[in-house]
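What follows is a single structure, written as structure tokens, with notes after it.
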């Protein structure tokens, strides 16, 4: 999408105010192979707008790089 990792990280961080614009959403749809934005947004309204995801991160033998992530639990807030 041509976005910096720091921008995406800021958007995904609940403590930051960064947001995707409508231009970004169109780029997301294209990146995922959808013909238009409405195909990307074709999902039911979520029951909860905030969730807590518990993950297990598995590191390489040096402990310097994550090699796998396992989702353990998803809970509503």
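Listed from fewest to most Cβ neighbours within 10 Å, the set 43, 34 follows the order 43, 34. Looking only at 58, 14, 37, which one moves most when the chain is put into a Gaussian network model with springs between Cα atoms under 10 Å? Most flexible of the set in this elastic network: 58. Across the stretch 8-75, C-alpha contacts under 8 Å between residues 6 or more apart give a mean separation that, scaled by the residue count, equals a relative contact order of 19 percent.
The stretch 45-77 and the stretch 1-24 have Cα centres separated by 19 Å.
Segment residue 7..residue 73, full-extension length gain: 21.1 nm, with 0.36 nm per residue of separation and the alpha-carbon distance subtracted.
Take the Cα of residue 15, step 7 Å toward its Cβ, do the same at residue 43, and the gap between the two points is 2.6 nm. A P(r) calculated from all alpha carbon pairs of the chain, with 10 Å bins opening at zero, reads 14, 29, 44, 12, 1 percent.
Between the beta carbons of residue 64 and residue 30, assuming R0 = 35 Å, the FRET efficiency works out to 0.55 to the nearest 0.05. Once the gyration tensor of the Cα atoms in the stretch 1-43 is diagonalised, the equivalent ellipsoid follows with semi-axes of 21, 12, 8 Å, ordered largest first. If you run the Gaussian network model on the chain, springs between alpha carbon atoms under 10 Å, then out of 12, 39, 61 the most flexible one is 61.
Where a number appears in this text, it was derived from the coordinates with a stated rule and is not lab data. All values reported here derive from a predicted model rather than from experimental measurement. Cβ sites come from the backbone with ideal geometry, for glycine too, and all protein chains shown count toward neighbours.
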